[in-house]
Amino acid sequence: MSTPVLELTGAGLAFGSRTVWSGLDLVVEAGEFVTVLGPNGSGKTSLLRVVLGQLPLSVGRIAVLGHPPRRGSRAVGYVPQQRHVETPVRARDLVRLGIDGDRWGPGRHARRAQVDELLAAVGASEYADVPVGMLSGGEQQRVRIAQALASGPAILLCDEPLLSLDLRRQHEVTELIDATRRATGAAVLFVTHEVNPVLPYTDRVLYLGPAGHAAGAPDDVLTSERLTALYGAPIDVVRVQGRVLVVGDDGHIHHSREDE
Amino acid sequence: MTDDWWARLVDFSDYGQLLPLVTNSLVAGSLLALVGGLVGVFVVQRDLAFAVHGVSELSFAGASAALLFSLDVSLGAVAGSLVAALLIGLLGARARERNSIVGVLMPFGLGLGVLALALYPGRAANKFGLLTGQIVAVDDARLTAMVAIAAVVVGGLLVVWRPLTFASVDPDVAAARGVPTRALSLVFMLLLGLAVAMAVQIVGALLVLSLLITPAAAAVRVTASPVWVPVLAVLFAQVSAVGGILLALGASVPISPYVTTISFAIYLACRFVGGRRARRGWVRRPARQAAAGGTIAG
């Protein structure tokens with residue numbers, strides 16, 4: 001078998017005396033779609049930062065393609081949450097930065113063909129020359145995915161890429177990420193609050209809870225029993241019309257949108 | 001009365017004799033425009049307009065102190081700006097912190113400068129020159145210093161151009177891609193400090209923004225191309241600086257109003273043109289997509 005794209009062995013992360021997660025074992029193979037769920041502060045984004053090489057593990061081992069993570073590795077693509085881009089750079093410029101924005105110098109080589117190809121792959125060709133700030137949230141995320149693909153990554157880290165998108169765009173963006181991993185063979189580590197848009201594509205769920213974590217097939221992890229154990233408090237997982245609702249004892253509904 | 005007033009503003013008699021006297025100023029103005037246009041691109045991207053103003057007040061303080069103690073004024077200006085740029089760069093990584101630090105430093109710098117000027121026994125014109133600009137004060141030694149500073153700033157910017165652009169427009173992804181965003185931020189503050197020190201000696205501390213921000217702010221109104229923004233910014237700065245000096249030549253008022261007025265007029269024109277472009281959706285897009293377009297920046 002080939003080297004896993006990502007391998008965490010007995011991994012733990014602590015800030016001072018606060019343990020965020022520990023004893024984490026996870027092997028992600030090429031082309032796998034792993035959805036990372038959990039309440040705020042459960043260390044989802046920190047996990048991504050560990051993979052990016054921005055944060056060291058407190059204990060355990062991590063390997064990306066068999067090597068310790070390295071800052072700026074071209075094997076790792078990063079799709080951030082949608083945020084307003086103030087500066088008037090065009091969609092194609094953002095993608096171009098994904099190709100060689102980390103190199104010194106003003107940049108001599110024209111990369112136009114490569115940028116066009118990347119934009120075409122995510123269906124963003126028609127707004128290639130529009131400033132990013134003038135694009136809708138869904139369009140911006142398409143451009144972000146093209147940017148993340150620019151370095152030919154073996155794994156895509158998606159950090160809440162659906163946040164502040166409406167339901168239709170959420171589905172479009174998730175669909176695109178799924179199509180991308182099928183086309184490129186890149187693994188996906190998808191951090192999200194919204195479980196339903198990603199559920200159809202998810203191979204495995206990693207649920208980071210306050211009282212532990214669980215990894216496995218969505219149907220095995222997203223059960224009242226498992227989540228009650230992970231939260232250390234009564235949790236109900238309800239399935240309605242093919243959608244998963246996670247309801248805590250405070251009546252608060254997680255992982256769903258009430259304002260469709 | 002009006003004629004007299006106008007004659008003080010625009011007077012082209014004896015122009016032929018005056019021109020050779022300001023060759024140095026024209027070269028200095030042109031260098032400053034090159035530096036200001038390029039630095040301005042990143043000032044606008046990084047939202048540093050207020051920081052530029054703060055750095056320029058400390059540069060003014062440094063220059064005034066140098067004047068008082070009979071030291072080299074250029075050196076004083078550079079020292080003042082570098083200290084300010086370093087402090088702002090180190091203490092104000094986030095925009096909100098940065099603004100309060102600038103707000104704290106600026107009046108302090110201005111106060112120090114006023115104190116030094118009040119104690120300075122020399123000619124009043126020298127004093128006000130540092131605040132509002134001076135046209136004929138560029139001697140060969142100062143010009144050499146300016147050439148050196150310009151070379152450092154332009155050379156430095158070229159080296160960090162791509163990663164600095166990445167870190168400025170897209171900090172999160174840049175950091176994920178291993179771009180040393182914090183170090184670049186400090187490097188840029190230092191280059192900015194040098195540029196401000198140059199500008200203070202030509203257009204004066206109060207009006208530095210007219211060459212370090214207005215041209216680039218005008219350029220981003222009409223284009224988003226990474227090539228055209230710096231080209232237009234430098235062009236606008238050249239027209240403002242060199243044009244301003246040429247206009248001010250025959251007049252008996254300082255150079256700054258000419259520079260600031262030209263650069264402001266360019267900005268207004270660009271806003272007008274850019275506003276029309278933005279309303280039309282910037283580039284032609286199929287109707288379906290235009291309807292789905294999001295918020296319009298500016």
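Pop the C-beta distance of residue B:96 and residue B:71 into the FRET formula with R0 = 25 Å and round what comes out to the nearest 0.05. Given R0 = 25 Å and the Cβ-Cβ separation, E is 0.10.
The ranking of A:93, A:203, A:25, A:159 from fewest to most other beta carbons within 10 Å of each one's beta carbon is A:25, A:203, A:159, A:93. Ellipticity at 222 nm from helices only: DSSP H runs of n ≥ 4 in chain B, each -39500 (n - 2.57), divided by the residue count, give -25500 deg cm²/dmol.
In the calculated pair-distance distribution of the protein assembly as shown, the portion above 47 angstrom amounts to 26 percent of the Cα-Cα pairs. Modelled this way, with points 7 Å down the Cα-to-C-beta line, the labels at residue B:277 and residue B:7 are 4.5 nm from one another. Overall shape: oblate for region B:2-274, with the ratio a/c of the largest to smallest alpha carbon gyration tensor axis at 1.5 or above and b/c at least equal to a/b.
Selection among B:195, B:66, B:216 by position relative to the dipole of chain B gives B:216 as farthest towards the positive end (Cβ unit charges, Cα centre).
About its Cα centre, the dipole of the protein assembly as shown is roughly 800 debye, where the only charges are +1 on Lys and Arg Cβ and -1 on Asp and Glu Cβ. Fewest neighbouring Cβ atoms within 10 Å first, the residues A:103, A:226, A:92, B:46 line up as A:103, A:226, B:46, A:92.
The ranking of B:255, A:177 from fewest to most other beta carbons within 10 Å of each one's beta carbon is A:177, B:255. Per residue, the convex hull around the alpha carbon atoms of region A:6-254 comes to 138 Å³.
Considering only B:49, A:38, B:242, the residue lying farthest towards the positive end of the dipole of the protein assembly as shown is B:242, judged by Cα position with unit charges set on Cβ. Distance between the modelled labels on residue A:84 and residue A:15, one decimal in nanometres: 2.6 nm (7 Å Cα→Cβ projection).
Based on every Cα atom in region A:72-131, Rg and the maximum pairwise Cα distance Dmax equal 12.1, 31 Å.
Shape class of region B:94-155 from the Cα gyration tensor (axes a ≥ b ≥ c, square roots of the eigenvalues): oblate, since a/c reaches 1.5 or more and a/b does not exceed b/c.
The distance from the alpha carbon centre of region B:144-177 to that of region A:89-138 is 20 Å, rounded to a whole number. Beta bridges assigned by DSSP with both partners in the protein assembly as shown are antiparallel in approximately 60 percent of cases.
Legend: translational diffusion of region A:165-226 by Stokes-Einstein, Rh = Kirkwood radius over C-alpha pairs, 10 °C, 1.306 mPa s; D = 124 µm²/s. Taking each DSSP H run with n ≥ 4 as -39500 (n - 2.57) and averaging over every residue of chain A yields -8500 deg cm²/dmol at 222 nm.
State the Kirkwood hydrodynamic radius of region A:150-254 in Å, one decimal place, computed from all pairs of distinct Cα atoms.
That comes to 14.8 Å for region A:150-254.
Would you mind getting me the FRET efficiency between residue A:164 and residue B:261? Use the beta-carbon distance for r and R0 = 35 Å, nearest 0.05. Once the sixth-power term is evaluated, E becomes 0.25.
Taking the inverse of the mean reciprocal distance over all distinct Cα pairs, the Kirkwood hydrodynamic radius of region B:182-238 comes to 12.2 Å.
Any read-out appearing in this document is the output of simple, stated calculations on the displayed coordinates, not a laboratory observation. Computed from a prediction, not measured in an experiment: that's the story for all the values here. Note that each Cβ is placed from the backbone with ideal geometry, even for glycine, and that neighbours are counted across all protein chains shown.
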